[in-house]
Amino acid sequence: MKIRQALIGLSIALGLATGARGAELYPGLQYEQREVAATEPARAHIVAIDLRQSGLHFGVTFADTSKGMEHVAWTTSAYMTKRHAQLAINGGFFSPWKPGSTGQGDYYPQEGDPVNASGALISAGNMVSPVESIKPERINAMLCFDRANVAIVDGQTCPQGFTDGIAAGPRLLNSGKTPPLTGDFSTTLHPRTAFGISANRERAWIVTIDGRQANSKGMSLPDLAALFASLGASDAINLDGGGSTTLVTEGDDGRAKVLNSPIQTGVLGKERPVANHVLLFVPHEHASPAASSREKEPELVWHAAGHDDWAPEGRAWADEARLRYFDRFPAAAEASVPEKVWNLSRQTAGMMFRFKTDAATIWVDYELMDGKKISMPHMPATGVSGVDLYARDEQEGGKWKWVGVTKPTAAKVRMALIEGLRPGMREYAAYLPLYNGVERISFGVNRDASFQSLAPRSLKPILFYGTSITQGASASRPGMAHAAILGRRLDRPVINLGFSGNGKMDQSVGALIGRVDAAAIVIDCAPNMNAELIRERAVPLVEQIRAAHRDTPIVLVEDRRFTNAWITPAKRAYHDANHAALKEAYASLQREGIERLYFIPGDELYGADTEGATDASHASDLGFMRQADAFEPVLRKALDHATPMQLKSQISPRGANSSAQ
C-alpha cells in the first residue's frame with residue numbers, strides 16, 4: 001500500500017490530529033501526546049528523535065542468565081533506572097507469559113522471574129538470544145542499533161557493525177510501502193509499541209498507543225503504519241504491545257516518569273515486567289539536573305570496543321561462546337568450575353584495549369556490571385571499577401607510562417580520561433576494572449583526530465592463576481596490579497585468572513589453563529590455601545598442566561607473609577607451614593623430572609619493612625611494585641630459555657586493526 005493511499009484512507013495526517021500536547025524532553029528529543037482519528041479514536045505518545053544530536057546512543061537489555069533463562073523480567077521504569085538511561089520502551093516478544101486474572105497477581109512473569117526473548121536479541125555485541133522460527137507472521141524483522149545508527153531489516157540478523165538488536169514485527173513500513181497486515185493480531189485494536197526511521201536515517205520516532213481504555217481502545221497495525229507514514233517514516237517495525245506497552249523517561253528529579261497509560265491485568269497505570277527493552281542514552285550535559293555537575297562533553301567521535309574487530313588482550317579462549325562478551329571464562333566453564341570462581345570470572349581483571357591516536361582528548365563511555373559495587377572498604381573506585389590509561393612515550397623509546405584513570409560513582413561512566421595531550425601519534429593501553437564487570441565500552445576522541453584500534457598481539461601471554469592479590473586487591477588502579485606491571489615491563493600480553501578468596505588450585509581451572517597457549521604459567525594460589533590443601537593439590541595441578549603443555553615454563557609462588565606476621569605468632573606459624581608445604585611439592589615435582597619449573601619465595605614479596613599492604617593481607621601499590629620486582633627476574637629467565645616458536649602464538653588472534661577515522 002502506498003503512503004498516500006494510507007493517509008487518505010485513514011485520515012490521520014498531521015492536520016487531522018486533535019488535542020496535540022508536546023514538550024522537549026532533551027535536545028533532539030521532542031515528545032507529543034496526540035489524539036488520532038483512526039478506525040477508533042486513539043491516544044498516541046510520540047517521541048521524535050533527531051539522530052544527528054551529538055552523543056545519543058541506543059541500547060538493548062543485557063543478558064541475565066542467573067535464573068536459568070536469557071533474562072529476568074523488569075518493568076520498563078525499573079530497568080531504565082537500573083541502566084541510567086534517559087528514555088526507554090518495552091522491547092520484543094518473550095516467553096513464558098501468562099496474562100493473569102483481572103486485577104489479580106497471578107500473571108507471569110512478575111519482576112525478577114526468568115524469561116526468554118522470542119527470536120534473536122543482540123546486546124552490546126553479544127548474542128543473547130538465537131534466531132528462532134517463532135510466529136514468522138509476527139516476528140519477521142530486526143530493529144538494529146549501533147549507537148545512534150538505526151536500521152530495520154528483514155529477518156533476524158543485523159547488518160555488520162551493529163552492536164544491539166531485537167527481533168520483532170511485523171514490519172509496518174518497508175522503504176515507504178506498507179506490507180500486507182492481515183489477521184486478527186494486525187486488525188484488532190490493541191495497545192501498541194513501535195519504532196520508525198526516516199529514509200535518510202536522520203530522524204527516528206518512538207510511538208506507543210494507549211489501549212483497552214474508555215477513551216483509547218487501541219490501534220490496528222494498518223492504522224499504526226499510516227501514522228508512521230504521516231510522521232515522515234520510511235521504515236517502521238511493531239514491537240511487543242498489549243499490557244507490555246510502556247514509554248518512560250527520566251524526570252527532572254532523576255526518577256522514572258511514565259509518559260503513556262500502561263494497562264496490566266486490567267489495572268490502568270500498572271506496568272508489566274518484560275524480558276527486554278530499548279534504551280536511549282543522552283549525554284550527561286543534557287540529562288537531568290542530577291547530572292548537571294558532570295563535566296561538559298566536547299564534540300567527539302566514538303569508537304565501540306569489545307567485538308571481533310576490536311577485541312581486548314587478556315581475554316583467553318577468544319573463539320569460544322560466552323554469556324557476556326567480557327567474561328573471563330567461556331560459557332561452558334560455568335558447568336565445571338566452582339560457583340564462586342564462575343561468579344568472579346565475570347569481572348574483567350587483566351583485560352586491556354590497545355589503540356593508536358593523535359588525539360588531544362580521550363574520553364571513555366562504559367557501563368559496569370555491578371552498580372552497587374563501585375568500590376570496597378580497602379580498595380578505591382578507581383581500582384575496583386576504573387578504566388586505567390597508559391601510553392608509550394615516544395620520546396623514551398616507547399616506554400609505557402601512566403596517563404589517566406576514571407573515577408566512577410555509578411554504573412554508567414562517561415568522562416574524560418585525559419585532555420590537553422601533547423601532539424603526536426602514539427599507542428595507548430586501557431586496562432579494564434579489576435573487581436567489576438563491563439557490559440559495553442567505547443572510546444571517544446576529538447573529531448579531527450585519527451584513531452586506529454589495535455588487535456591483540458600475537459605474542460603468547462603470561463598466565464597468572466591465583467587469589468584476590470592476583471586479581472588486583474588492593475591496587476589503586478587496574479594498571480598497578482603486579483600482573484599488569486609485569487605485562488608492561490616484559491612487553492607481553494597477560495591473562496589474569498585471579499579469583500578473590502577462591503584461587504585454590506582447582507583441577508577444573510587447571511583443565512581450562514591446559515587449553516591456553518601461554519608463554520609461561522604462574523601458579524600463585526597459596527594465600528587461599530592451608531598446608532594440607534597445598535600438599536593435596538599442588539603436585540596434581542602441575543602434573544595436569546605439564547601433561548597439556550610439555551615445554552611451557554611453570555612458576556610456583558610461595559604465600560606472601562601478612563605484613564603484621566612479625567608480631568602475630570599464629571599468622572607467622574600459618575605462613576611457615578604453607579611455605580614448607582609448597583617447598584615439599586616443588587621438591588617432589590623436581591624428583592619426578594618435571595622440567596622448566598621455577599619457584600618464587602614468599603618471605604619478602606611485599607618487602608621487609610611491613611609497608612607493602614593495605615590491610616596486612618592485600619598488596620598496596622607499593623606491595624605490587626615489590627611483587628613485580630620479585631617476579632620479573634624469574635619470568636625473564638623462564639622466557640629467555642624458550643624458543644621463538646614457544647613465545648609466539650601460531651594462531652592469529654581474532655580481529656584486525658580497524659581503518660583510521
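The values are calculated or read from the model by the stated rules, or taken from the named source; none is laboratory data. Quantities reported herein were computed from a predicted structural model and do not represent experimental measurements. Glycine also receives a Cβ, built like all others from the backbone with ideal geometry; neighbour counts cover every protein chain displayed. Note: accessible area is taken over every heavy atom of the protein model, side chains too, but ligands, DNA and RNA are not part of it. Shrake-Rupley method; radii C 1.70, N 1.55, O 1.52, S 1.80 Å.
Matching residues to (1) farther than 30 Å from residue 24 by Cα; (2) open to solvent by less than 40 Å² (accessible area, probe 1.4 Å):
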{"site": "104", "(1), (2)": "yes, no"}
{"site": "107", "(1), (2)": "yes, yes"}
{"site": "152", "(1), (2)": "no, yes"}
{"site": "161", "(1), (2)": "yes, no"}
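If residue 323 passes every condition in (1) hydrophobic (A, V, I, L, M, F, W, C); (2) open to solvent by less than 40 Å² (accessible area, probe 1.4 Å); (3) closer than 21 Å to residue 368 by Cα but one, which one does it miss?
(2)
Name the single residue that is modelled with the highest pLDDT among those in the stretch 245-272 being open to solvent by less than 10 Å² (accessible area, probe 1.4 Å) and out of contact with any strand residue (DSSP E or B) (no Cβ under 6 Å at 6 or more places or on another chain).
262
Do we have residue 576 as assigned to a loop (DSSP other than H, G, I, E, B) and either at pLDDT 95 or above or touching a Cys at 6+ places or on another chain (Cβ under 7 Å) (or both) here?
Details: assigned to a loop (DSSP other than H, G, I, E, B): no; either at pLDDT 95 or above or touching a Cys at 6+ places or on another chain (Cβ under 7 Å) (or both): yes.
No; evaluated as a whole, the condition is false for this residue.
Within the stretch 343-353, identify whether any single residue is on the phi > 0 side of the Ramachandran plot, modelled with pLDDT of 95 or more, of a type outside the set (Ser, Thr, Tyr) and open to solvent by less than 20 Å² (accessible area, probe 1.4 Å), and answer yes or no.
yes
Could you say whether any residue in the stretch 368-385 is over 22 Å from the mean Cα position of the chain (by Cα), over 30 Å from residue 64 (Cα atoms) and open to solvent by 30 Å² or more (accessible area, probe 1.4 Å)?
no
Note down all Cβ pairs under 6 Å where the first residue falls in the stretch 350-362 and is under 14 Å from residue 457 (Cβ atoms), the second is open to solvent by 10 Å² or more (accessible area, probe 1.4 Å) and among the aromatic types (Phe, Trp, Tyr), and they're at least six residues apart or on different chains.
352/431
Are any of the residues in the stretch 502-516 in a helix (DSSP H, G or I), over 23 Å from the mean Cα position of the chain (by Cα) and within 15 Å of residue 433 (Cα to Cα)?
Checking the stretch 502-516: not a single residue is in a helix (DSSP H, G or I), over 23 Å from the mean Cα position of the chain (by Cα) and within 15 Å of residue 433 (Cα to Cα).
Being out of contact with any helix residue (DSSP H, G or I) (no Cβ under 6 Å at 6 or more places or on another chain), under 18 Å from residue 264 (Cα atoms), surrounded by 15 or more Cβ atoms within 10 Å (Cβ to Cβ) and in contact (Cβ under 8 Å) with a residue 24 or more places away in the chain: is that true of residue 192 here? Let's see the steps before the verdict.
Working: out of contact with any helix residue (DSSP H, G or I) (no Cβ under 6 Å at 6 or more places or on another chain): no; under 18 Å from residue 264 (Cα atoms): yes; surrounded by 15 or more Cβ atoms within 10 Å (Cβ to Cβ): yes; in contact (Cβ under 8 Å) with a residue 24 or more places away in the chain: yes.
When the stated conditions are applied, residue 192 does not pass them.
Can you tell me which condition residue 340 does not meet? The list is (1) assigned to a strand (DSSP E or B); (2) open to solvent by 10 Å² or more (accessible area, probe 1.4 Å), and all the others hold.
Condition not satisfied by residue 340: (1).
Identify the residue in the stretch 584-622 that is free of Cβ contacts under 8 Å to residues at least 24 places away in the same chain and surrounded by 14 or more Cβ atoms within 10 Å (Cβ to Cβ) and, among all such residues, is nearest to the chain's Cα centre (by Cα).
622
Residue 521 passes all but one of (1) over 19 Å from residue 590 (Cα atoms); (2) aliphatic (A, V, I, L, M); (3) surrounded by 21 or more Cβ atoms within 10 Å (Cβ to Cβ); which number fails?
(1)
Is it the case that the stretch 282-291 has a residue that's closer than 21 Å to residue 444 by Cβ, within 26 Å of the chain's Cα centre (by Cα), modelled with pLDDT of 90 or more and of a type in the set (Gly, Ala, Ser)? Talk me through it step by step, then tell me what you get.
Filtering the stretch 282-291 down to residues closer than 21 Å to residue 444 by Cβ leaves 282-287, 291.
Still in the running and within 26 Å of the chain's Cα centre (by Cα): 282-287, 291.
Filter again for modelled with pLDDT of 90 or more, leaving none.
So far as the stretch 282-291 goes, no, none of its residues is closer than 21 Å to residue 444 by Cβ, within 26 Å of the chain's Cα centre (by Cα), modelled with pLDDT of 90 or more and of a type in the set (Gly, Ala, Ser).
Residues in the stretch 214-244 that are open to solvent by 10 Å² or more (accessible area, probe 1.4 Å), in a loop (DSSP other than H, G, I, E, B) and farther than 19 Å from residue 183 by Cα: how many?
Result for the stretch 214-244: 4.
Counting only residues that are crowded, with 21+ Cβ neighbours inside 10 Å and among the aliphatic types (A, V, I, L, M), which one in the stretch 422-439 is farthest from residue 299 (Cα to Cα)?
Step one: of the stretch 422-439, the residues crowded, with 21+ Cβ neighbours inside 10 Å are 428-439.
Those still in the list that are among the aliphatic types (A, V, I, L, M) too: 429-430, 432, 434, 438.
Values: 429: 23, 430: 21, 432: 24, 434: 30, 438: 25 Å.
Selected residue: 434.
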